[in-house]
Every structure is written in C-alpha cells, then in structure tokens.
Amino acid sequence: MNEAEESVAAETPATPVAQRPGSFNGELVAAVLLAALGVYLLVDAGAIAIPGSSNTVGPRFFPYAVGGLSVLTGALLALRVLRGDRGPADDGEDVDPDAPTDWRAVAVIAVAFVAHALLINVVGWPLAVALMFAAVATTLQGRLTPVAAVRPFLVGLTVGCVVWIIFVKALNVALPGGIVLEFLTSWF
C-alpha cells in the first residue's frame with residue numbers, strides 16, 4: 001500500500017454502522033421487548049379499580065399513557081431496524097464488544113430485584129432498597145465482598161428513607177416502613 005491508500009484506510013471506519021455484526025438481532029429484540037412491555041401495561045391497567053369519587057384524571061391514565069407510548073416507541077424502533085437503520089457505535093466507551101456476557105452478574109442483579117420485590121412487605125421499603133442497591137452496586141463494581149457493600153448499603157438506606165418520606169408524607173402513598181423506620185421513629 002502506498003501512503004495515499006494508508007491515509008484513506010486510516011480515515012474510514014473498519015466496520016460501518018449498518019454492517020456491525022450482531023447489532024440487528026439485539027436492537028430488534030430490544031424493540032420487541034419494549035412493545036411487549038407496553039402491551040402488558042395496557043392490559044394490566046384495565047384491572048386498576050377506579051374509585052367512584054374520581055371525576056378527574058383517574059388512576060388508569062398514566063399506565064395507559066406509558067403503555068401506549070411504549071408500544072408506539074417499540075413499533076417505530078422495530079420498523080427502523082427492519083428497514084436497515086442501526087444505532088451508532090459507542091466509540092467513547094471502554095467496553096469490549098467481543099467480551100462474553102457476565103452471566104453471574106446478570107443473575108445476581110436479577111435475584112436482587114426479585115428479592116427486593118419480595119422483601120418490601122417483610123422488612124420495609126428502606127431496608128429492601130438498601131439491600132438491592134448494595135447487591136447491584138457491588139456486582140457492577142466487580143467486588144463481591146461484604147466490605148465493598150458497606151458504602152452502597154448506606155447510600156441505598158439513605159435514599160430509601162428519603163424516598164419513603166417523600167412518598168408517604170408528601171404524596172400520601174402507602175409504603176411499608178419496616179424495622180429501620182420503626183427504629184428511627186422510636187429513637188427520635
């Protein structure tokens with residue numbers, strides 16, 4: 001190759017966006033999952049009970065709005081992917097696209113979310129949030145040790161208490177306080 005060919009080869013990207021391997025399947029799956037989530041929200045919103053005194057925007061409005069927008073967005077994204085449009089490559093991230101998926105991290109995060117949903121009524125909102133946040137943060141850091149989980153646990157506990165106060169006191173939404181808030185209210 002001469003110097004002119006080398007400079008042209010250096011300026012052109014190795015793999016064009018439209019020809020990136022694996023991007024078609026992943027983007028199409030994400031679009032279909034988004035549309036499916038929207039359908040689920042629309043179907044499930046119909047089961048929300050409407051109180052007799054509701055003469056303004058009822059409790060079904062926002063689930064219907066979010067579900068409808070999710071279906072519309074998922075369908076439009078799927079249409080764009082099927083027409084050959086692809087998302088831009090993330091050149092600024094230091095992620096190896098050829099690296100295998102860390103299924104252990106995926107499993108730990110999935111278990112943390114399920115445990116959070118199951119623990120809300122048992123130990124209360126703030127402690128359930130703190131446990132989930134600590135598990136997810138330490139997993140994403142790559143250090144699964146109890147010492148590495150202390151700071152994320154305290155951050156999660158603080159955020160969980162603040163969110164509980166906002167929802168229960170300001171918005172009048174019932175969230176179980178659990179043992180942490182029972183301890184704090186008995187102390188103060």
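The values are calculated or read from the model by the stated rules, or taken from the named source; none is laboratory data. Quick caveat, the model's predicted, so the values are computed rather than measured. When we count neighbours, we look across all protein chains shown, and the Cβ atoms used for this are built from the backbone with ideal geometry, even at glycine.
Taking segment 40-83, which residues are assigned to a helix (DSSP H, G or I) and of a type in the set (D, E, K, R)?
ASP44, ARG80
Can you list the helices (runs of 4 or more DSSP H) lying wholly within segment 84-188 that have 1 or more residues being surrounded by 14 or more Cβ atoms within 10 Å (Cβ to Cβ), at pLDDT below 80 and touching a Gly at 6+ places or on another chain (Cβ under 8 Å)? Walk me through how you get there before you give the answer.
Details: elements: 103-123, 125-141, 150-165, 178-187.
In segment 84-188, 178-187 are the helices (runs of 4 or more DSSP H) which contain 1 or more residues that are surrounded by 14 or more Cβ atoms within 10 Å (Cβ to Cβ), at pLDDT below 80 and touching a Gly at 6+ places or on another chain (Cβ under 8 Å).
Give me the pairs, please: first residue somewhere in segment 106-134 and free of Cβ contacts under 8 Å to residues at least 24 places away in the same chain, second residue anywhere and in a loop (DSSP other than H, G, I, E, B) and small (Gly, Ala, Ser), beta-carbon distance under 8 Å, and either six or more positions apart or on two chains.
ALA134/ALA149
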